[in-house]
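What follows draws every value from the coordinates through simple rules; no lab data is involved. All figures in this text were calculated on a predicted structure; none of them were measured in a lab. FYI the Cβ positions are ideal-geometry reconstructions off the backbone, even for glycines, and counts take in every protein chain you see.
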Amino acid sequence: MKITFLGTADSAGIPVHNCLCEVCGSYRKDKKVNLSTCAYIEIDNSIILLDAGHENISNIFDSKKIEAVFLTHFHADHCLGLLRLRHSFDTIKCFHPQDKNGFSDLFKHPHSMQYNIIKDFESKEIKGIKFTAIPLEHSKKTLGYLLEYKNKKIAYLSDCFNIKEKTMDFLKTKNLDYVFIDACYDENKTKENHFNYIQASKVLDILKAKNSYLMHISHTTQNYILKNNIQLKYKYLKENDEFNLS
């Protein structure tokens, strides 16, 4: 089992259109792109998506069997790829939080997608991996996911500005191998829809996973870290980072 991050940035991505900051300039120079935070699991020649924010996700996985999609929420940068993926010749299960509006006309015209509400702390098993929905606080109803496979436990926690005590207590019992957490902002933003890296790091301190990472970084946060030579306690994920979890 392997998990790979297609993107680890916020909705603006990096580089941001016509932004002249040092970070965006560096990405252009190196011909790199970091798009919205989403990941995929590869197991037994099949794919399971954690979010689907890339518009061309159907092309990325053309000729691959997509067993399921686990959406954190229905903001565009986490589900835009479903607009095309729903035209797949395969039936694809999509698990998602309760949201009567969803995004665009996904519910009105599901095509090949089978939408399934997953409730707080409810579990589903796909290809031997147990996915448990973890309630998070964001501007829309949002879930993280706990993945359990054999002896490995992984928490994918994007997007959030707070994690309630019940959720933290649940996660603390799991002896986590990996935690990936939203840390979109720098330390100057404290009351928004995402954690800043200090707030996220405090959560990671409590959870005490064997491996902990920040994600959902904005170009302004990355530029702030660079300009101020800030040494973070936990590393930010980069685009295409992958982890072998077998």
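A few notes on this one:
- With respect to the conditions (1) buried (at least 22 other Cβ atoms within 10 Å of the Cβ); (2) under 21 Å from I129 (Cα atoms), L85 falls short on a single one, namely (2).
- Of the listed requirements (1) buried (at least 16 other Cβ atoms within 10 Å of the Cβ); (2) of a type outside the set (A, V, I, L, M, F, W, C); (3) in contact with an Asp or Glu (Cβ under 7 Å, 6 or more places away or on another chain), S46 misses just one: (1).
- The residues of the range 152-165 that are surrounded by fewer than 21 Cβ atoms within 10 Å (Cβ to Cβ) and either within 19 Å of S139 (Cα to Cα) or acidic (D, E) (or both), listed by number, are N162, K164, E165.
- Across the range 188-213, the number of residues qualifying as in a loop (DSSP other than H, G, I, E, B), of a type in the set (A, V, I, L, M) and either surrounded by fewer than 18 Cβ atoms within 10 Å (Cβ to Cβ) or out of contact with any Lys or Arg (no Cβ under 9 Å at 6 or more places or on another chain) (or both) comes to 0.
- Unique match (being of a type in the set (A, V, I, L, M) and under 24 Å from L35 (Cα atoms)) among L207, L176, L232: L232
- Looking at L143, L147, L136, just one residue is surrounded by 21 or more Cβ atoms within 10 Å (Cβ to Cβ) and either touching a Pro at 6+ places or on another chain (Cβ under 7 Å) or among the β-branched types (V, I, T) (or both), and that residue is L143.
- Within the range 91-117, the set of residues being among the charged types (D, E, K, R), out of contact with any Asp or Glu (no Cβ under 9 Å at 6 or more places or on another chain) and within 25 Å of L136 (Cα to Cα) comprises D99, K100, D105.
- Checking each residue in the range 214-228 for being assigned to a helix (DSSP H, G or I) and either of a type in the set (K, R) or in contact (Cβ under 8 Å) with a residue 40 or more places away in the chain (or both) picks out H219, T220, Q222, N223, L226, K227.
- Tallying residues that are outside any strand (DSSP E or B) and either among the small types (G, A, S) or in contact (Cβ under 8 Å) with a residue 60 or more places away in the chain (or both) within the range 151-187 yields 5.
- Boolean, S104 is polar (S, T, N, Q), touching a helix residue (DSSP H, G or I) at 6+ places or on another chain (Cβ under 7 Å) and surrounded by 12 or more Cβ atoms within 10 Å (Cβ to Cβ): yes
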